[in-house]
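Chemist: What follows is a structure written as structure tokens; I'll ask about it next.
The values are calculated or read from the model by the stated rules, or taken from the named source; none is laboratory data. Just so it is clear, the structure is predicted and the values come from calculations on it, not from any experiment. Cβ atoms come from the backbone with ideal geometry, glycine included; neighbour counts cover every protein chain shown.
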Amino acid sequence: MDLSQDTKNILGLKLPTDPRWVNLAEISLEAILTDHAYCEQKAATTCISIIQRYSDKDKLVKALAPIVTEEWGHFRLVLQELEKRGLKLGRQRKDEYVNALLQFQEKGGHPDDVFLDRLLTMAMIEARSCERFKRLSEGLNDPYMSKFYRRFMESEAGHYTLFIELAETYLPKEKVRARWETWLQHEKALMKEMEVRGDRIH
Ligand SMILES: [Fe+2]
Ligand SMILES: [Fe+2]
């Protein structure tokens, strides 16, 4: 996938990641790898949950089944990098970013709205991960790690698109686009808030 254009434009993200983040990431690559491992694990388990909850939606089941394998493969790749460095997979850290997104999710309304928000939450996380991986890929001095993150960046960009497309398969495009815009605005505010607090995201 060609991501030569500004990722911010491609993904529609309203606020780019603080450029200082790559330097921070370089200092604590170990912590980044541990957090990253859990992100991949969560992506796989969330896809499984969506399949279980919406088993009646054939196209969705068919589309998400291979994503589970792919995300689990990502988890194993990150695990390998940890092992290579003699590091252990530590405890899962509280993920403020994902928790804040989950709080914004429509949970008790119309089933269509609940369904839409479950897919858009995934799209949001994939889009932001993609942007972060792009920054890591471009910002890290180690050519091996740079290539490592580029691979993830391409994969997560494809996932972001898939979740939006799946939403549009089952719901009117205008509804999906309008809600996605709301999510983007919300995420922008969240990113700003976390930046001010100095929180780490993934
Ligand atoms: Fe992934
Ligand atoms: Fe993904």
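Chemist: Looking only at region 149-184, count how many residues are within 14 Å of Arg118 (Cα to Cα) and of a type in the set (A, V, I, L, M, F, W, C).
Modeler: Summing the residues that are within 14 Å of Arg118 (Cα to Cα) and of a type in the set (A, V, I, L, M, F, W, C) in region 149-184 gives 9.
Chemist: Go through Ser155, Ser146, Ser137, Ser129 for me and flag whichever is among the polar types (S, T, N, Q) and closer than 20 Å to Glu181 by Cα.
Modeler: Ser129
Chemist: Cβ-Cβ distance below 6 Å, separation of 6 or more or different chains: which pairs start in region 150-163 with a residue that is among the aliphatic types (A, V, I, L, M) and end on one that is more than 9 Å from ligand 2 (Cβ to nearest atom)?
Modeler: Once the first residue is among the aliphatic types (A, V, I, L, M) and sits in region 150-163, its partners that are more than 9 Å from ligand 2 (Cβ to nearest atom) give Met153/Phe133; Met153/Lys134; Met153/Ser137; Ala157/Met1.
Chemist: With the requirement that a residue be more than 19 Å from Phe152 (Cβ to Cβ), basic (Lys, Arg) and either within 16 Å of ligand 2 (Cβ to nearest atom) or out of contact with any helix residue (DSSP H, G or I) (no Cβ under 7 Å at 6 or more places or on another chain) (or both), what does region 89-128 give you?
Modeler: Selection gives Arg91, Lys94, Arg118.
Chemist: Just to be sure, is Lys88 of a type in the set (D, E, K, R), exposed (fewer than 14 other Cβ atoms within 10 Å of the Cβ), farther than 19 Å from Glu30 by Cα and at pLDDT below 95?
Modeler: no
Chemist: I would also like to ask the following. Between Ser137, Ser49, which is of a type in the set (S, T, N, Q) and under 25 Å from Thr169 (Cα atoms)?
Modeler: Checking each option against the conditions leaves just Ser49.
Chemist: What are the residue pairs meeting all of these: first residue in region 44-55, first residue over 16 Å from Ala123 (Cα atoms), second residue surrounded by 16 or more Cβ atoms within 10 Å (Cβ to Cβ), Cβ atoms under 6 Å, and 6 or more apart or on different chains?
Modeler: Hits for this filter: Tyr54/Leu60.
Chemist: If you don't mind, there's one more thing I want to ask. Checking Trp72 against (1) free of Cβ contacts under 8 Å to residues at least 40 places away in the same chain; (2) surrounded by fewer than 16 Cβ atoms within 10 Å (Cβ to Cβ), only one condition comes out false. Which one?
Modeler: (2)
Chemist: Name the single residue, out of those in region 26-69 being hydrophobic (A, V, I, L, M, F, W, C), closer than 30 Å to Gly139 by Cα and more than 16 Å from ligand 2 (Cβ to nearest atom), that is surrounded by the fewest Cβ atoms within 10 Å (Cβ to Cβ).
Modeler: Ile27
Chemist: Take the conditions among the hydrophobic types (A, V, I, L, M, F, W, C) and more than 11 Å from the chain's Cα centre (by Cα) and apply them to Phe104. Does it pass?
Modeler: Answer is yes for this residue.
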